[in-house]
1. Which entries in 200/542; 394/418; 502/542; 636/683; 418/551; 644/683 show an alpha-carbon gap greater than 21 Å?
2. So if each residue of separation counts as 0.36 nm, and I subtract the Cα-Cα distance between residue 105 and residue 350, what length gain in nm does that give?
3. Give me the percent of the accessible area of the stretch 478-572 that comes from carbon and sulfur atoms, probe 1.4 Å, all protein chains in place.
4. In nm, to one decimal, how far is the residue 689 label point from the residue 669 one, both placed 7 Å along Cα→Cβ?
5. Dipole size in debye (nearest 20) for the chain around its Cα centre, Lys and Arg Cβ +1, Asp and Glu Cβ -1?
6. Considering only protein heavy atoms and a 1.4 Å probe, what is the carbon-and-sulfur percentage of the accessible area of the stretch 7-202?
7. Quick check: residue separation of residue 436 and residue 18 times 0.36 nm, minus the Cα distance between them. What number comes out in nm?
8. Lys/Arg Cβ at +1, Asp/Glu Cβ at -1, dipole of the stretch 130-250 taken about the Cα centre: which of 217, 182, 166 is farthest positive-ward?
Amino acid sequence: MQAGLGASSLDDVLRSVFGFGSFRANQEAVCRAVVGGADALLVMPTGAGKSLCYQLPAVARGGTALVVSPLIALMEDQVAKLESLGLAVGRIHSGLDRAVSRQACVDYLAGTLQFLFIAPERLRVPGFPELLAKRKPSLIAIDEAHCISQWGHDFRPDYRMLGQYLPALRPAPVIALTATATPAVQRDIVAQLGMAQAQKFIHGFRRENLAIEVAEVAMPLRLEMVCELLSRREMRPAIVYAPSRKRAEELALRLREVCPAAAYHAGMAAEMRDEVHREFQAGRLECVVATIAFGMGIDKADVRTVIHVALPATVEGYYQEIGRAGRDGAMSRAILMHSYADQRQHEFFLTRDYPPADSLERVYRALTVEAQPMDEIRARVEMEEEDFSRAMEKLYIHGGAEVDFGDNARRGSDGWKKPYARQTEYRREQIGLVQRYVDGHECRMAALVMHFGDGADGRVRCGVCDFCNPTGTLATPMRPMTRGEEHTLRGILDALRNSTGKSLSRLASELGGGITRKDLDVYLAALARAELLVVEDAEWVKDGETILFRKASLTEQGERVEPGDDLEILMPGGSSGAATQTKLKVPGSNQQTTSQRAGNQRGGKVARSGSSKDSRSAAQAVELSASGLELEKALKEWRGEVAKRLRIPAFMVLHDRTLRGIAEAAPRNLAALGAVAGMGPAKTDKYGEEILAVCRG
Ligand code: ADP
Ligand code: MG
């Protein structure tokens, strides 16, 4: 049957079953491959239409498609859609009645289902994988497949077992779908699911209507810069991402002199957050200054500008956030401000979140073969609750500790050090990639597309970013080069002429001591924009070790430049850059105080202004009211049940401080719950409804 399905019958199914007039870009190619029985890895951004790529082949192939989905909310959403199309769908997850799940199994075995959705932890239920194998599915879809990779931000240990059960369910084709897989995660998915032959479809990361700008702006100047940018009508509505609650509050306060603006972060009362969300959606607020928590459920099509006032933690996160601009298709802007100080801040977060192996070792040594309550262990090692839980969590994840659902811990295997070091290194690399992105001398959009692994589309320049169109930048004004700069620029061209390219460190040393690496970067970017040279990654193998470095080489055009030729090269900032600072004077009395405050912050406290640090200490400091205490107790009971059900330690379900944060906020909806520190999107999706039920009860 499947062999006979040509293009025209795929079109028929698309129209008659799904009610769509035509395929979107790339959908048809994926459908054809999967209908034909090929394994596929599909990486496309959220909203691109990935679901159809397994749903249509499922209908076309006949039989039952098995769909693994990690989030109950997503699963319910897909099930409802398919049922509304008149398809036969069953589902099994922890939020359902026993009877419903049992019926789904019966229907599956009877072959009356077209789709069976399951949560991954189901596979741990004894007998369930065998039951599935009794009647082989006609297709297996793994949604949100990045959860399988411990490099992914939503790592789900349960996803790792999939690989071990798939062989018994074959020969069905496997299609893995995700929106956020970097090449490393893609390799992980393919390896763990045993789908080495999978066809890869990585598309759609380019956004045509987004002009990206990355600007080096000193921390104390950013606040005024944001105000100046957003004082222009056409730049609004806007979302500004700030690195901490404190910064968000400061910015929102100052922005109110320019337009209706508000902060949005986890420290605000739930009603306030709901209101900000509503008002922004309705257009009465024109700017929201948010910490990372903002964005869940944000579906505002006409956002014109997204500004980051600090270096983001990952390229993927940054891409998601700038993606909130221009959903309506009209031209929009994304502006990222950074400077050297951001790098130091990230290093601070890294050592905080990934403590040195010694402090893990201290906790590990305190563990015994006999299980003991975690509180007692903590008292013995004399560590702060926060440091202790972090060390414990890392040990648990990497096998150094075994913890039962009552939070009693015993010593695990001593092999935890290597994987822990690997994970820390991975995090460090992610920060390095963000740094590489902002320092890059190439088209910003192309760099992002390339980052996600689309090597073909990643070669196409966007034409509108700060690299492609330097005169169009707003946060980084450009000006003609000065005489002195021209001299240096020509010196660089001379140093590269008649060579196959040189590493940047060699280039710097050949140019003599007068130029710093940082200045060299600026000059190279200017020459790259003028298409006289390219800067790219290169590698060199020495003693069997691969050494990565950056290399500059002249283009043909660059080779042709003669000493007497006129050069027209634009440099960033300078005279107009200085003008920006004076131009930024905005009427109002608090300008001085604001920049002073910013200055102080830079001098002393900058490293402490991270959002999670703020939120954690805030949650700890809070004295809960009587009703808050009661809620905390109820939440603890609920957590104990979940821990038992999922057979994981309670603190892996939610940390004490997160529970306290929930008890304090008493959230009434998912958005408010998601804004509580410690409640990432994954936790909110997984436990959200249950927690809300506890809060209501
Ligand atoms: P993803 O999983 O990639 O985030 P979805 O599969 O949920 O995206 O699809 C996003 C939206 O696009 C859905 O509302 C879906 O109905 C719609 N959609 C998908 N394919 C098509 C199509 N060919 N024509 C019109 N709408 C489509
Ligand atoms: Mg999806």
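The values are calculated or read from the model by the stated rules, or taken from the named source; none is laboratory data. Since we're looking at a predicted model, the values are computed, not measured. Ideal geometry is used to build each Cβ from the backbone, glycine not excepted, and the neighbour counts take in all protein chains shown. SASA here: full protein model, heavy atoms, side chains in, ligands and nucleic acids out. Shrake-Rupley method; radii C 1.70, N 1.55, O 1.52, S 1.80 Å.
1. Working: 200/542 33 Å; 394/418 12 Å; 502/542 17 Å; 636/683 16 Å; 418/551 32 Å; 644/683 17 Å.
The pairs that break the limit, which is 21 Å between Cα atoms, are 200/542; 418/551.
2. Numbers: separation 245, 0.36 × 245 = 88.20 nm, distance 4.57 nm.
Residue separation times 0.36 nm, minus the Cα-Cα distance, leaves 83.6 nm.
3. Values: 2660 of 5610 Å².
Of all accessible area on the stretch 478-572, carbon and sulfur atoms account for 47 percent.
4. 1.8 nm
5. Details: 90 positive and 89 negative charges, 113 e Å.
Dipole about the Cα centre, nearest 20: 540 debye.
6. Numbers: 3960 of 7630 Å².
The nonpolar share, carbon plus sulfur, comes to 52 percent.
7. Values: separation 418, 0.36 × 418 = 150.48 nm, distance 4.29 nm.
Length gained between residue 436 and residue 18: 146.2 nm.
8. Final value for the positive-end residue is 166.
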